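Nothing in this text is a laboratory measurement; each read-out follows from the coordinates by a stated rule. Here the structure is a predicted model, which is why all the values come from computation and not from measurement. Don't worry about glycine lacking a Cβ; one is built from the backbone with ideal geometry, like all the others, and counts go over all protein chains shown.
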Amino acid sequence: MEYKDLDVWKKSRFLAKSIIEVAELLPSKENFAMGFQIRKSAISIPSNIAEGCGRNTTKDTLQFLYIARGSLYEVETQLILCFDFNYITEEKLNELIEQITECKKLLNGFINYYISKLNIKN
């Protein structure tokens, strides 16, 4: 299966778009620091899923899926900080957290699939 057909990649791409739209609304004083970091983390999620799917071994694929999952947690924290600083509303935060939760579930399922492939080979 091509990575572009994966629900986890599609959903993480949509999430990245949603987060980048929020980053564009940050005050100009935050555009470099927080804005740059949140965009970088959001883009990293689908990018690492794609890169992992392009790897030759299950172990390599898993490494990139774990990096994508770490980026999901990083983005979640950055959004909570945006809320703490009153840059986004609670409603927007909750909307994005729902998307993140859905991506976490899909990504964890994908990771578990690859872990089971490793266990079969052992």
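Miscellaneous remarks
- Projecting label points 7 angstrom from Cα along Cα→Cβ for Glu21 and Phe85 puts them 2.1 nm apart.
- Taking one quarter of the surface of the C-alpha convex hull of the stretch 3-121 gives a mean projected area of 7.1 nm².
- The length gained by stretching the chain between Lys105 and Asn31 to full extension, at 0.36 nm per residue less their Cα-Cα distance, is 23.6 nm.
- The lysines whose alpha-carbon is closer than 27 Å to the alpha-carbon of Lys105, local same-chain residues fewer than 8 away aside, are Lys4, Lys10, Lys11, Lys17, Lys40, Lys59, Lys92, Lys117, Lys121.
- Each of Thr89, Ala42, Val8 was scored by the projection of its Cα onto the charge dipole of the chain, and the greatest displacement toward the positive side belongs to Val8; charges sit on the C-beta of Lys, Arg, Asp and Glu.
- Residues of the chain were split at every exposed loop site, defined as GluC sites (Glu not before Pro) in a DSSP loop with at most 10 other C-beta atoms within 10 angstrom, and the longest piece left, sites excluded, is 25-122.
- Leading residue at positive end of dipole, the stretch 19-122 (Cβ point charges), from Gly109, Leu62, Gln99: Leu62
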